[in-house]
Structures are given as C-alpha cells and as structure tokens.
C-alpha cells in the first residue's frame, strides 16, 4: 500500500514538472519577443519550476520521514507489549 502511494506521489511530481515545462515552453514560444528575451524568460521560468519541484520534493521527503518515524515508534511499542505478554505467560506457565 505504501509503495503504491509513493509511486502515485512520484507520478504526480513528475507530471507536474513535465506539464509546467511544456506550458512554459509553449507560452514563451507563442510570445512575440526577440530570441534573447525569449531565452531569458524561458530560463527564468525553468528556474521557477525547478524551485517549485524542489520544494515539493522536500515536502514529500519530510512527510515520508515523519511516517517512517511514526511507524518505527509504533513497532517499538508493539514489541514492548509483546515482550510483556510473553513474560506474563512465562510466569503463569512457570509457576
């Protein structure tokens, strides 16, 4: 289940990046400007999209880390609970 969610999130991020780049290129190419102005604008938009993509990846990484830490905490609690149950059972069986 978690792998499916990660694949979905990765697909959304990649789709957003590709869509943004295509939109930027089409917008710039349809504008009546000189080649230098067009290249400068394309570079600026590309940097902006790359920055947004980097921010989204950072947010996704933070969420993944938080989920991982939560899962580890839950597993440690379960381990402790199982250990306590085993001790109780051993005491009952042993004496």
Of those in the range 30-43 that are under 16 Å from residue 20 (Cα atoms) and out of contact with any helix residue (DSSP H, G or I) (no Cβ under 9 Å at 6 or more places or on another chain), the residue surrounded by the fewest Cβ atoms within 10 Å (Cβ to Cβ) is 30
Every pair of residues 6+ apart whose Cβ atoms lie under 6 Å, when the first sits in the range 1-14 and is closer than 13 Å to residue 60 by Cα while the second is at pLDDT 80 or above and part of a helix (DSSP H, G or I):
9/60; 13/56
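Okay, residues lined up against (1) loosely packed, with under 12 Cβ neighbours inside 10 Å; (2) closer than 18 Å to residue 15 by Cβ:
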site	(1), (2)
55	yes, yes
62	yes, no
67	no, no
72	yes, no
75	yes, no
81	yes, no
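Residues that are under 30 Å from residue 26 (Cα atoms), free of Cβ contacts under 8 Å to residues at least 60 places away in the same chain and part of a helix (DSSP H, G or I): does the range 80-90 have at least one? Steps first, answer last, please.
Here is the first cut: in the range 80-90, the residues under 30 Å from residue 26 (Cα atoms) are none.
Within the range 80-90 (the criterion being under 30 Å from residue 26 (Cα atoms), free of Cβ contacts under 8 Å to residues at least 60 places away in the same chain and part of a helix (DSSP H, G or I)), the answer is no, since none of the residues qualifies.
The values are calculated or read from the model by the stated rules, or taken from the named source; none is laboratory data. Computed from a prediction, not measured in an experiment: that's the story for all the values here. Backbone-built Cβ (ideal geometry, glycine too); neighbour counts: all protein chains shown.
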